[in-house]
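K.L.:
I have a structure I would like to understand better, so I am pasting it below and will then ask my questions one at a time.
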Amino acid sequence: MSSRRDFIKQGSIVGLAGMVNPFEIVNTFPVAKVEPLGTKWSDGSRLVVSISMQFEAGGQPVNAESPFPQNMQKGFVDLPGATWFEYGYKEGIPRMLDNWDKLGIKVTSHMVGSAVLNNPNLAKEIVQRGHEAAAHGMNWSSQYTMPYEEEKKFIKDGVEAIKQTTGFQAIGYNANWLRRGENTLKIVQELGFKYHIDDLSRDEPFIIKVNHSDFVVVPYTLRCNDIVLIEGKNFSVDQFFNQVKAEFDQLYLESASKRRQMSISFHDRIGGTPQMVKATSDLILYMQKHKGVSFKRKDEIATLALADTSTIREF
């Protein structure tokens, strides 16, 4: 498998898209129930794992919150804090991209428009290596406070930054810290989006009505999220590994009788550190040993959900 350095030298890559003897079983044990129809994914997957790779660094505001103590005097720039964000596009995303290639999986990258414009070659590379570009606003502003037309321009500007830079038309949306406003879903549906992820209410995709049309919710997670566990709680890498593994083990168990989706989220300056990439690689290799586990981009999940008549509908 070629490394990222090899990839850059080559130019662009085309991409976007045990037997048991029945007589040995003691007959006093309960017989396993036959799995009901419609409980698995229509493509035959048993459990779908969806990974998010947030592309935010380079688009953050001046003096954005970082691991450094927030005691800077007003009027001064937190220069060391800025370098923490720089790590995300200089080291973090490139390292994760090589890891996804090594593992043979594709992810969804939620891209902040200003981050894309400031690092266009990296944004292009993400798409050229077969990953989905999803929209994440134009910058880090809290869009839920915006009037309708201002919010629509904010979202549209982010989409256009991705399209003009990478050629990819985003159809999935993620608001800053998931905090969408009352008009957000109406706006993204009007702009041609097919799904959003700002919902924690289920462990499988479901369909809602937005502007009288079907719209998919591909649920997100805070439980398996590096910005919450590693940055927010100062978990060790071992703690992160064990928590995400426990989540996987339980969802895989449930997936014998239910449609289950597992979400894991990584941020450029956190999930792209050497220790986190190593832990992530170990986690995914563990998951890939389980029969029926597939890794999908969120646009693929939305497409499956819309085409499957058994998908949960909440109206």
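FYI, it's all coordinate maths here, none of it is from the lab. If you're wondering where the values come from, they're calculated on a predicted model, not measured in any experiment. Cβ sites come from the backbone with ideal geometry, for glycine too, and all protein chains shown count toward neighbours.
K.L.:
Compute the length gained on full extension between K209 and K291: take 0.36 nm times their separation in residues and subtract their Cα-Cα distance, giving the result in nm to one decimal.
P.N.:
Result: 26.1 nm gained on full extension.
K.L.:
Select from M72, Y144, I126 the residue farthest towards the positive end of the dipole of segment 66-151; place +1 on Cβ of Lys and Arg, -1 on Cβ of Asp and Glu, and compute about the Cα centre.
P.N.:
I126
K.L.:
Could you tell me what percent of the DSSP beta bridges with both partners in the chain are antiparallel, to the nearest 5?
P.N.:
15 percent
K.L.:
If you don't mind, another one. Can you tell me how much longer the chain between E86 and R179 gets when fully stretched, taken as 0.36 nm per residue apart minus their C-alpha distance, in nm with one decimal?
P.N.:
Computed gain between E86 and R179 is 31.0 nm.
K.L.:
Each residue of segment 260-265 in order: what ³J(HN,Hα) in whole Hz does its phi give by Karplus 6.51 cos²θ - 1.76 cosθ + 1.60, θ = phi - 60°, with x for Gly and Pro?
P.N.:
With coefficients 6.51, -1.76 and 1.60, one gets 10, 10, 10, 10, 9, 10 Hz.
K.L.:
Determine by what factor the alpha-carbon radius of gyration of segment 66-177 differs from 2.2 N^0.38 Å, reporting the quotient.
P.N.:
1.18
K.L.:
If you place +1 on the Cβ of every Lys and Arg, -1 on the Cβ of every Asp and Glu, and leave all else neutral, what size is the dipole of segment 183-315 about its Cα centre, to the nearest 20 Debye?
P.N.:
That gives a dipole near 220 debye.
K.L.:
Using only the Cα atoms of segment 173-300, construct the convex hull and provide its projected area averaged over every direction, in square nanometres to one decimal.
P.N.:
Over all viewing directions, segment 173-300 projects a mean Cα-hull area of 8.6 nm².
K.L.:
Can you work out the FRET efficiency for the pair S142 and Q250, with r the C-beta to C-beta distance and R0 = 25 Å, to the nearest 0.05?
P.N.:
With a Förster radius of 25 Å, E is 0.15.
K.L.:
Here's another thing I want to ask about it. What net charge do the residues around M287 carry, taking every other residue with its C-beta under 14 Å from that of M287, with Lys and Arg at +1 and Asp and Glu at -1?
P.N.:
Its environment carries a net charge of +3.
K.L.:
Something else: List, in order, the whole-Hz ³J(HN,Hα) value for each residue of segment 126-142 obtained from phi through the Karplus relation with A = 6.51, B = -1.76, C = 1.60 and θ = phi - 60°; use x for Gly and Pro.
P.N.:
Karplus values, whole Hz, x for Gly and Pro: 4, 5, 5, 8, x, 9, 7, 9, 10, 7, 9, x, 7, 8, 8, 5, 8.
K.L.:
For V49, what residues show an amide H to amide H distance below 5 Å, using hydrogens built from the backbone and excluding near sequence neighbours?
P.N.:
M262, S294, F295, K296
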